1. Tell me the helices (runs of 4 or more DSSP H) entirely within region 160-241 that contain at least 2 residues that are among the β-branched types (Val, Ile, Thr).
2. Which numbered condition trips up residue 70, out of (1) modelled with pLDDT of 90 or more; (2) surrounded by fewer than 19 Cβ atoms within 10 Å (Cβ to Cβ); (3) more than 24 Å from residue 306 (Cα to Cα)?
3. Among the residues of region 257-286 satisfying the criterion of being in a loop (DSSP other than H, G, I, E, B) and either at pLDDT 85 or above or among the small types (Gly, Ala, Ser) (or both), which is least open to solvent (accessible area, probe 1.4 Å)?
4. Out of the residues in region 18-32 that are in contact with a Pro (Cβ under 9 Å, 6 or more places away or on another chain) and in contact (Cβ under 8 Å) with a residue 40 or more places away in the chain, which is farthest from residue 59 (Cα to Cα)?
5. Every residue in region 356-403 that is under 23 Å from the mean Cα position of the chain (by Cα), in contact (Cβ under 8 Å) with a residue 60 or more places away in the chain and open to solvent by 30 Å² or more (accessible area, probe 1.4 Å), please.
6. When you go through (1) buried (at least 21 other Cβ atoms within 10 Å of the Cβ); (2) in contact with a Leu (Cβ under 9 Å, 6 or more places away or on another chain) one by one for residue 172, which number turns out not to apply?
7. Which of (1) touching a residue at least 40 places away in the same chain (Cβ under 8 Å); (2) buried (at least 16 other Cβ atoms within 10 Å of the Cβ) is the odd one out, the single condition residue 93 does not satisfy?
8. So which helices (runs of 4 or more DSSP H) stay within region 414-486 end to end and still have 2 or more residues that are at pLDDT 90 or above and crowded, with 18+ Cβ neighbours inside 10 Å?
Amino acid sequence: SFLGAGKPPLYGDYEAQRHWQEVTYNLPIRQWYFNTSDNNLLYWGLDYPPLTAYHSFLCACIAKLINPDWIALHTSRGYESQPHKLFMRTTVFVADLLIYIPAVILYCFSLKETSTKKKASIALCILLYPGLILIDHGHFHLGFALWGVLYLSYDWDLLGSVAFCLALNYKQMELYHSLPFFCYLLGKCFKKGLKGKGLVLLTKIAGTVVVSFAVCWLPFCTDMEQIMQVLRRLFPIDRGLFEACMFSSPPPRLANIWCSLSVLIKIKNIIAPQTQLKLSFAVTFLSLLPTCIKLTVQPSLRGFKFALVSCALSFFLFSFQVHEKSILLVSVPVCLIINEIPFMATWFLLVSTFSMLPLLLKDGLLLAYAVTTLAFLSACLASFAILEKTSAEDLQLKPFSLSLKGYVSWFKSFPKIVRSLFLLSVTLMGVLSLLSAAVHPPQRLPDLFPVSVSVISCLHFLLFLVYFNVVILWDSKNSRSQKKIS
């Protein structure tokens, strides 16, 4: 993203990526995360795990060969040129070609009971998802996480563990996916029996995780102060509940529950920072607890993929210091189940892109937003005929509807109601997108459109959270997977 380019003193995200290359190439490892005369942490200091720093160093080595001025210590600050922008985009594209795109294609072609044509259609829809194209296209940690899911689908548990450890050591936000990985693997161990094969598998997985983290963190393990400084940079909890919102000045414009509530209740003014942290942790933990218990007790690959969605959505809605772009951590797992629930997955992915509209407009991406969204929707309509798949069975709600007993008759009109809600939702998003781009808000309400986008998106996400939890908790399709694990 070139948001902020040419605008001192920070120059934006583009400069952040360039500056990390400057720091990692010119300074010894022990100084990468410390504030020094050569590394002002207030100027885009490193705040991601070691694997991100190593990646920056590798890119810097290549940049040095092309043009040393790009990463010269101090003098390169704010450096911008067309050749350098091309270089930066190329590093992203190459990494995607090596990590993210192969994971998507191999995952789609690993799906069983699906024709080759259908697999290709699924891959196309996933790769056309606007969120990852528009926002920094190159979230390599998501590629590593996808490799983890792919390996686990083949029961290659150790490789899956390594892949997810790499994801977690690239971006700490992968904690959004950590509990489903943990609960699924732990559940498999329980099913195999903790006095036999299960204990052996648990030991192997634990050893794999420890070794993977040790390799990534080895250069920072020279002393405890190094480790603690890196952790402080990764988890700056003292900054408060809203610090990570790019539009953190009131009213916030992030589509999670805290920013949406703050439109009516000034949370920052009535709740102390430490209490905010505790409240956020408690609500997040309680919201994902049912899913994690179900996955541990009844581990299945299908349940695991749905749990990735539900848990990531809980983190996005309720956790501490969420960024607008964090919705991508929910969207990618949703892409993985687009063949199972095409209607709801398409709807969610449209809303997730819409929720980032203020960020996209600020980056001058209105046209790209419109084109990619229409292309994605067209691909989903052509590939899945989503408007014809709105029955309770298509939406995986048949077990839930049967459990309602006396209320089953209400589900006869369910498909029509769901289609109407979808069309209303899409119309509302389209109208708000046009108003945000073309109409000046009232002087008394300068943030009317961004706030409307965030609140409407948040309401959608809350309904999706309920939906995914219902599907998971009433799931009755685990028997085949459970027998396979046993």
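1. On the way: elements: 175-192, 198-217, 224-234.
So the answer is 198-217, 224-234.
2. Among (1) modelled with pLDDT of 90 or more; (2) surrounded by fewer than 19 Cβ atoms within 10 Å (Cβ to Cβ); (3) more than 24 Å from residue 306 (Cα to Cα), the lone unmet condition for residue 70 is (2).
3. Only one residue tops the list, namely 262.
4. 30
5. If the condition is that a residue be under 23 Å from the mean Cα position of the chain (by Cα), in contact (Cβ under 8 Å) with a residue 60 or more places away in the chain and open to solvent by 30 Å² or more (accessible area, probe 1.4 Å), then 361, 362, 363, 365, 366, 368, 370, 375 are the ones that fit.
6. Only one criterion in (1) buried (at least 21 other Cβ atoms within 10 Å of the Cβ); (2) in contact with a Leu (Cβ under 9 Å, 6 or more places away or on another chain) is unmet by residue 172, namely (1).
7. (2)
8. 414-438, 448-473
The values are calculated or read from the model by the stated rules, or taken from the named source; none is laboratory data. These figures come from a predicted structure and were not determined experimentally. Neighbour counts are summed over all protein chains in view; Cβ atoms, including those assigned to glycine, are modelled from backbone coordinates with ideal geometry. Note: accessible area is taken over every heavy atom of the protein model, side chains too, but ligands, DNA and RNA are not part of it. Shrake-Rupley method; radii C 1.70, N 1.55, O 1.52, S 1.80 Å.
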